[in-house]
Amino acid sequence: DAGVIQSPRHEVTEMGQEVTLRCKPISGHDYLFWYRQTMMRGLELLIYFNNNVPIDDSGMPEDRFSAKMPNASFSTLKIQPSEPRDSAVYFCASSTDPGRRETQYFGPGTRLLVL
Amino acid sequence: AQSVTQLGSHVSVSEGALVLLRCNYSSSVPPYLFWYVQYPNQGLQLLLKYTSAATLVKGINGFEAEFKKSETSFHLTKPSAHMSDAAEYFCAVSGGATNKLIFGTGTLLAVQP
């Protein structure tokens with residue numbers, strides 16, 4: 001298995017632009033998670049899906065952030081408009097379990113820089 | 001609410017020395033506990049996990065951790081550090097009604113030659 005795939009690996013954009021991050025989970029995993037990692041706040045869960053349905057989006061920082069999962073093999077995290085404080089590494093992870101017992105498998109991350 | 005506290009954001013050891021990374025948890029329900037490792041410019045990968053079976057858990061790369069309910073701890077150890085162990089280590093807890101994995105702030109391990 002190729003593992004969790006994220007694209008792009010690096011993104012540099014200017015403030016105000018729309019940013020779309022993409023994730024392909026491991027086949028057969030019912031749960032998909034989006035995390036953000038910064039020096040100041042560490043690793044934060046933004047949102048997670050179960051069977052393509054958003055279950056908990058309480059970690060999404062504000063309305064500029066949105067996430068979708070149109071099918072079992074694809075999810076997007078969109079920031080519109082982007083701001084410099086959105087600069088971070090964004091990770092996607094997938095699992096067969098919401099996190100109680102089973103391992104979450106992480107992608108390599110997208111390193112976002114908003115100028 | 002569940003939480004984990006990792007004592008020491010930076011730990012430095014000599015190659016061949018004992019590695020001890022500390023993690024204390026808070027949970028109102030029996031917890032599941034995890035240690036993840038993050039190498040530079042990579043995602044997190046699981047080192048080991050405790051899911052209410054044996055209290056001493058062995059993981060990859062020679063690491064192990066012991067669940068101590070009386071101390072609410074889940075410290076990570078390795079008898080002899082290797083240069084390749086240099087990375088950031090995250091403790092995490094789950095098991096509550098929220099179904100979320102709650103991560104600690106991480107400990108950056110440096111291994112000196």
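Among the candidates A:Glu102, A:Glu62, the residue that is assigned to a loop (DSSP other than H, G, I, E, B) and more than 11 Å from chain B (Cβ to nearest Cβ) is uniquely A:Glu62. Selection of region A:65-88 for residues being among the polar types (S, T, N, Q), in a loop (DSSP other than H, G, I, E, B) and over 17 Å from A:Val114 (Cα atoms) yields only A:Ser73.
When the residues of region B:45-72 are filtered to those that are surrounded by fewer than 18 Cβ atoms within 10 Å (Cβ to Cβ), small (Gly, Ala, Ser) and within 14 Å of the chain's Cα centre (by Cα), the one that is farthest from A:Tyr35 (Cα to Cα) is B:Gly62.
Inspection of region B:47-54 finds no residue satisfying the criterion of being in contact (Cβ under 8 Å) with a residue 60 or more places away in the chain, under 22 Å from A:Tyr105 (Cβ atoms) and touching a strand residue (DSSP E or B) at 6+ places or on another chain (Cβ under 7 Å). Restricting the search to region B:23-58, which residues are part of a loop (DSSP other than H, G, I, E, B), within 11 Å of chain A (Cβ to nearest Cβ) and within 20 Å of B:Glu88 (Cβ to Cβ)? Residues satisfying the conditions are B:Tyr39, B:Asn41, B:Gln42, B:Gly43. Can you pull out every residue in region A:1-29 that is within 12 Å of chain B (Cβ to nearest Cβ) and either part of a strand (DSSP E or B) or over 26 Å from B:Gly106 (Cα atoms) (or both)? Listed by number, the residues that qualify are A:Ile5, A:Gln6, A:His10, A:Cys23. For region B:69-113, which positions are away from chain A (no Cβ under 14 Å) and assigned to a strand (DSSP E or B)? Hits for region B:69-113 are B:Ser73, B:Phe74, B:His75, B:Leu76, B:Thr77, B:Lys78, B:Leu109, B:Ala110, B:Val111, B:Gln112. Here are A:Phe33, A:Phe91, A:Phe49: which of them is without any contact (Cβ under 8 Å) to a residue 40 or more places away in the chain, in contact with a strand residue (DSSP E or B) (Cβ under 9 Å, 6 or more places away or on another chain), in a strand (DSSP E or B) and surrounded by 15 or more Cβ atoms within 10 Å (Cβ to Cβ)? One residue alone meets the criteria, A:Phe49. Listed conditions (1) surrounded by 15 or more Cβ atoms within 10 Å (Cβ to Cβ); (2) more than 13 Å from the chain's Cα centre (by Cα) are all met by B:Val29, apart from (1).
Every read-out reported here was derived from the displayed coordinates using simple, explicitly stated rules and does not represent laboratory data. Since we're looking at a predicted model, the values are computed, not measured. A quick note on method: Cβ atoms are made from the backbone with ideal geometry, for glycine too, and the neighbour counts reach across all protein chains shown.
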